[in-house]
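Accompanying notes for the structure given below.
The values are calculated or read from the model by the stated rules, or taken from the named source; none is laboratory data. Source: prediction; values computed, not measured. Cβ placement follows ideal geometry from the backbone for every residue including glycine, while neighbour counts extend to all protein chains displayed.
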Amino acid sequence: MIDIINKAKSEHDLTKDEIIFLLSCEDGSLIFKAADEIRKQYVGDEVHLRALIEFSNICRCNCVYCGLRSQNRDVERYRLSKKQILESAQKAADFGYKTIVLQSGEDVFFTADYLAEIIKEIKNLDVAVTLSIGERTFEEYKILKDAGADRFLLRIETTDKKLYEKCHPNANFENRVRCLRDLKKLGFETGTGCLVGLPEQTIESLADDILFFKDLDADMIGIGPLIVHPHTPLKDKPNGNFDLALRVMSLTRLLMPDINIPATTAMETLNPQGRIIALQSGANVVMPNLTDNDARIKYEIYPNKAGINYTELSEKLSQIGRTISCTKGFRGNKNSPLSLNPSPAGRGKNVNLARTLRKNMTPQETKFWNLVRNNQFQNIKFKRQYPIGPYIVDFIAIQHMLVVELDGGGHNTDSQQKYDIERAKYITSRGFKILRFWNNDIDNNIEGVFETISQTLRDSN
Ligand code: 5AD
Ligand code: SF4
């Protein structure tokens with residue numbers, strides 16, 4: 001087993017039999033460890049965040065595993081307007097995301113021309129645009145590419161043609177492959193991937209899936225375990241196996257060392273530590289969902305989809321020695337002309353997000369937080385590290401429109417002062433009041449700090 005793993009690490013190539021052996025051996029831990037090492041060596045410790053916007057849950061397909069399948073009458077269908085999509089994209093860009101993923105069911109309402117209009121507007125935000133909208137013709141893909149879309153996600157789901165056609169009524173395996181090849185031809189960074197745990201899926205076919213990814217030279221691979229949805233024909237089947245899905249992902253990393261691999265939401269849904277485990281077994285991408293709550297609930301591909309808490313994610317990432325990327329995160333990240341020179345407009349936001357998410361709390365912030373968290377102070381709900389437009393404030397009581405910032409006194413340079421003034425202007429223009437305290441006040445006069453907060457709240461009532 002060690003020999004095969006070493007071969008994968010040095011040659012990034014395995015035979016189908018070797019892959020099958022590693023997928024079925026008793027303990028996968030050495031595979032996960034090797035994939036983690038290769039990930040570090042080729043794509044480094046940066047984690048790329050992609051903002052996901054689910055803009056329509058209307059789908060003409062009838063995939064047997066998916067809660068959005070056309071025959072599921074229990075879904076309330078929605079379609080975001082162009083304005084809503086652009087607002088969500090703006091929010092994501094303001095937050096500092098460098099990639100926006102537009103995902104939907106196969107909804108023909110969104111013609112290529114209409115999507116092209118949306119893409120062109122989003123591209124003005126200096127972000128990469130990824131599409132995940134299903135099968136289209138070469139001509140349609142070309143319109144989307146010409147409009148500026150950078151990447152496209154289309155999982156093959158399984159390379160077992162028979163199983164594929166069983167799981168996708170009225171769909172055609174060859175057309176799926178044609179789509180992927182067209183996307184590559186057109187110059188999209190092309191993402192594909194598979195589901196692990198489809199009924200009757202074999203280890204052999206999973207090995208074929210990995211070889212297919214390699215043959216296609218895919219730029220991104222998303223792998224997730226099947227999570228059974230109660231309103232689908234698979235309702236009585238078991239969920240996919242987490243460990244097996246992780247092995248498929250790790251082996252993909254070993255064989256395709258420089259690609260982007262997300263720690264998928266399905267991994268986290270099956271295992272409460274799934275995302276971090278995946279990030280330590282070969283993954284280097286996370287896709288937080290920025291769809292507004294109302295729509296998000298209705299985008300139920302499978303039940304109990306895991307969410308992301310940013311503070312928690314950034315803390316967990318720093319605990320495992322990982323940082324949040326400031327680039328658009330194209331494959332390999334070195335050769336992409338797009339990632340070399342982020343425009344000045346984008347840079348500030350971008351660094352801002354990365355810095356903030358990475359930031360560990362200072363002792364004073366920790367002290368303050370421990371006194372206000374869980375509504376302890378006058379039953380006020382405080383949140384920390386909260387985004388307002390392009391900025392992220394230390395603490396906020398939204399109900400009272402109050403921002404609390406703690407200063408260490410390091411804000412002395414001219415440019416920093418200018419930045420602080422702009423920042424304060426922006427935050428107050430959005431209706432917030434800012435209270436600023438020195439770290440020294442927190443250390444030596446915390447009662448005074450809380451008295452000032454109380455007084456401010458009394459004054460504004
Ligand atoms: N469990 C896990 N993943 C699913 N997907 C669809 N339905 C399920 C499910 N029940 C995946 C498919 C699709 C992606 C958007 O979501 O692989 O490509
Ligand atoms: Fe539609 Fe995608 Fe769900 Fe299939 S997996 S039914 S194409 S949303």
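For every residue, the table says whether it meets (1) in the same structural domain as Arg136 (by TED's automatic domain parsing); (2) more than 15 Å from ligand 2 (Cβ to nearest atom); (3) under 22 Å from Pro262 (Cβ atoms).
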{"site": "His48", "(1), (2), (3)": "yes, yes, yes"}
{"site": "Leu52", "(1), (2), (3)": "yes, no, yes"}
{"site": "Ser56", "(1), (2), (3)": "yes, no, yes"}
{"site": "Arg60", "(1), (2), (3)": "yes, no, no"}
{"site": "Cys63", "(1), (2), (3)": "yes, no, yes"}
{"site": "Cys66", "(1), (2), (3)": "yes, no, yes"}
{"site": "Arg69", "(1), (2), (3)": "yes, no, no"}
{"site": "Arg77", "(1), (2), (3)": "yes, no, no"}
{"site": "Leu86", "(1), (2), (3)": "yes, yes, no"}
Name every residue in region 213-229 that is under 19 Å from the mean Cα position of the chain (by Cα) and within 12 Å of ligand 1 (Cβ to nearest atom), in order of residue number. Ile221, Gly222, Ile223, Gly224, Pro225, Leu226, Ile227
Out of region 159-182, which residues are surrounded by 14 or more Cβ atoms within 10 Å (Cβ to Cβ), away from ligand 1 (no atom under 14 Å from the Cβ) and of a type outside the set (D, E, K, R)? Pro169, Phe173, Val177
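Quick one: which residue in Ile143, Ile156 is within 12 Å of ligand 1 (Cβ to nearest atom), in contact with an Asp or Glu (Cβ under 9 Å, 6 or more places away or on another chain) and without any contact (Cβ under 8 Å) to a residue 60 or more places away in the chain? Outline the logic, then answer.
Numbers: Ile143 fails: within 12 Å of ligand 1 (Cβ to nearest atom).
Going through Ile143, Ile156 in turn, just one is within 12 Å of ligand 1 (Cβ to nearest atom), in contact with an Asp or Glu (Cβ under 9 Å, 6 or more places away or on another chain) and without any contact (Cβ under 8 Å) to a residue 60 or more places away in the chain: Ile156.
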Against the conditions (1) modelled with pLDDT under 75; (2) touching a Pro at 6+ places or on another chain (Cβ under 9 Å), where does Ser343 fall short? Just the number, please. (2)
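Take region 420-461 and flag every residue that is in contact with a Pro (Cβ under 9 Å, 6 or more places away or on another chain) and within 18 Å of Ile388 (Cβ to Cβ). Working first, answer last.
To start, the set of residues in region 420-461 that are in contact with a Pro (Cβ under 9 Å, 6 or more places away or on another chain) comprises 423, 426, 439, 442-443.
Listed by number, the residues that qualify are Arg423, Tyr426.
Could you please find all residues in region 159-173 being among the hydroxyl-bearing types (Ser, Thr, Tyr) and free of Cβ contacts under 8 Å to residues at least 24 places away in the same chain?
Tyr164
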Which of (1) at pLDDT 90 or above; (2) of a type in the set (Asp, Glu); (3) over 26 Å from Thr323 (Cβ atoms) does Glu365 not meet, given it meets every other one? (3)
Any chance region 246-267 includes a residue that's in a loop (DSSP other than H, G, I, E, B), of a type in the set (Gly, Ala, Ser) and either modelled with pLDDT of 95 or more or not assigned by TED's automatic domain parsing to the domain that holds Val101 (or both)? yes
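Please work out which residue is surrounded by the most Cβ atoms within 10 Å (Cβ to Cβ), limiting yourself to region 73-116 and to residues that are of a type in the set (A, V, I, L, M, F, W, C) and over 20 Å from Leu144 (Cβ atoms).
Selected residue: Phe95.
Here's the yes/no breakdown for (1) closer than 27 Å to Ala93 by Cβ; (2) under 29 Å from the mean Cα position of the chain (by Cα); (3) surrounded by 14 or more Cβ atoms within 10 Å (Cβ to Cβ); (4) among the aliphatic types (A, V, I, L, M):
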position	(1), (2), (3), (4)
Phe377	no, no, yes, no
Tyr391	yes, yes, yes, no
Phe395	yes, yes, yes, no
Leu402	yes, no, yes, yes
Asp407	no, no, yes, no
Gly431	yes, no, no, no
Asn440	no, no, no, no
Thr452	no, no, yes, no
Thr456	no, no, yes, no
Residue that is farthest from Gly134 (Cα to Cα), among those in region 38-89 that are of a type in the set (Phe, Trp, Tyr) and in contact with a Leu (Cβ under 8 Å, 6 or more places away or on another chain): Tyr65
For region 174-193, pairs from a residue that is in the same structural domain as Leu154 (by TED's automatic domain parsing) and within 19 Å of Thr158 (Cα to Cα) to a residue that is assigned to a loop (DSSP other than H, G, I, E, B) and of a type in the set (Ser, Thr, Tyr), with Cβ under 9 Å and 6 or more apart or across chains, are Val177/Thr159; Cys179/Thr137; Asp182/Thr137; Gly193/Thr264
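Among the residues of region 268-305, write down those that are in a helix (DSSP H, G or I), within 16 Å of ligand 2 (Cβ to nearest atom) and either free of Cβ contacts under 8 Å to residues at least 60 places away in the same chain or within 13 Å of the chain's Cα centre (by Cα) (or both).
Thr269, Ile297 - these are the residues of region 268-305 that are in a helix (DSSP H, G or I), within 16 Å of ligand 2 (Cβ to nearest atom) and either free of Cβ contacts under 8 Å to residues at least 60 places away in the same chain or within 13 Å of the chain's Cα centre (by Cα) (or both).
Has region 231-241 got any residue that is more than 18 Å from Asn289 (Cβ to Cβ), part of a helix (DSSP H, G or I) and more than 22 Å from the chain's Cα centre (by Cα)? Working first, answer last.
Quick first cut of region 231-241, residues more than 18 Å from Asn289 (Cβ to Cβ) only: 231-241.
Now drop any that are not part of a helix (DSSP H, G or I), which leaves none.
Scanning region 231-241, I find no residue that is more than 18 Å from Asn289 (Cβ to Cβ), part of a helix (DSSP H, G or I) and more than 22 Å from the chain's Cα centre (by Cα), so the answer is no.
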